[in-house]
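To start, the structure under review is shown below, and the notes come after it.
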């Protein structure tokens, strides 16, 4: 079956680029791929350009309901909402280097079984990117830097307005020259001096080329690369002595010494007015320009430093999609570079560029799971009951990934119990193979003209065993009503044919496909409700814990060592961000962190209205109740060796009063075994 590539409409503001051009779409169609293109009024290519080469136009946003087998191709990150992402996706997500929100964003793909091929991590065997916007990012970023420098010279202290959008590079050059000319005159005839770090790379070469096309002479362009930065550690005085600094250094996983700091900016000889951070990772701990902390946009192209600096005014350009300023040239080049890899998508399971990208995604997804688990562990250890109960539930397979693993083993059908049953199974398989001519395709015509339906997923399960546990679980839910907290909805019906209609809307008996679909929906809903059984040993351990076993033996909670006691001191922030206090409502700036947030991040709130968390130790009584709740949701399974029938035993509440202490018995002093007050014996 042909591979489907679904080009979605990007929703990022001002984004007009595309990872697929009409020319590359035609190449994919000629190679046998199906190409669907969502309509978009923002994309630099018109919808008609794709239709003319044979691509199928579909509504914007239709990728959400596309078949799971389709490959969803985009450019920038998906909108931040809570929908699951079960497809295969190709775009820039900007989360693999631990950017803000990386772990929750990755979990959207992982929890739905999706795969993300991040365009930034499509690399060849030499670990070099196969496609990048680097040249045009440096080119466009330098253009915006010139516009910002000219605005500061001509309009000091005035906020820079939105950057115009251009159809092509010549229009951009013409505009920059028109704003540079009066600014240079106002600057006593001095053109800006530009330093480009990373000048030998694709991004840096684009920055240098724009400087030349804008009319700067070679003496005004300072080109630095690894040789210059490796010779001495930063910060560098050459940066603050220039008018414009363009950073084109790729930000890797390892820390880079800062190129510029607040101390270096404090020099009285500073000429630096504009920094264009083309790499643009302000929230990364490895950022070599640690003097700002947020992004800018085309409508607000510059941001200030995170702390005030002396004159001259310093503004930072941190737009994360600069090449969209010249979308046609950048999209034409990028889509052409990406095409050879796209042509191998039908064999992505073995093609190196895709297997490497998938492994990168899996590694980051595992790291995100560990990060999320660490937050839950931190909250549980700080005394958050909901977090601790969640850990107990996941640990014993009542929820989470372990439950899915237990279910995957539980649904497997048992093999034949004797030789005759084995022979019958082989005959049945042979008859099935002959009826379908050995082909696994979805539907085949039989000798009587009816359609033979492909075996559904639930028909491969041990339905007898599943029906038995559903029956047992339904009874357990009824018996524990009011005492156990069952997740989701209870098991109600045990008839897979419940929703099969007697006849279709045309008055005919339902076909096999319809019956199978209705049964599949029933099994899918009820399989989500099943609490899979534990082995006898683990079930007995949970029983022991529910009876107070955590107070003794190997489960006893150890005393915290003195060195492990939290003794954090409240200290004032060293770098007070006065700009937020001056420009934002006090309620926003001084909004306290919730206790839940403090427990999960380990970061204490030092604000004026902070709520100080107290040390909370969960009692053994609470643990006993939590384990009891988990035990009530947990069965263990046995099978009769003769009949092979299954039976399930569920946990139950076993009330057991603890022995009374001596001081607790004082209240019964002077009372007999019948509860009557004893007569006092008169003293002799």
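Things worth noting here:
- Cβ-derived FRET efficiency at R0 45 Å, residue 167 paired with residue 84, nearest 0.05: 0.75
- FRET efficiency estimate (nearest 0.05) - Cβ-Cβ, residue 405 to residue 644, R0 25 angstrom: 0.55
- Sites residue 617 and residue 367, calculated FRET efficiency, Cβ-Cβ separation with R0 30 Å, nearest 0.05: 0.45
- The translational diffusion coefficient of the stretch 134-329, from Stokes-Einstein at 25 °C and 0.890 mPa s with a Kirkwood hydrodynamic radius over alpha carbon pairs, comes to 149 µm²/s.
- As a size descriptor, the averaged projected area of the C-alpha convex hull of the stretch 26-117 was calculated at 6.7 nm².
- Annotation for the stretch 86-125 versus the stretch 39-70: alpha-carbon center distance of 22 Å.
Readers should treat all values here as calculations from the given coordinates under stated rules, not as data from a laboratory. Source: prediction; values computed, not measured. Counting neighbours? That spans all protein chains shown, and the Cβs are built from the backbone with ideal geometry, glycine included.
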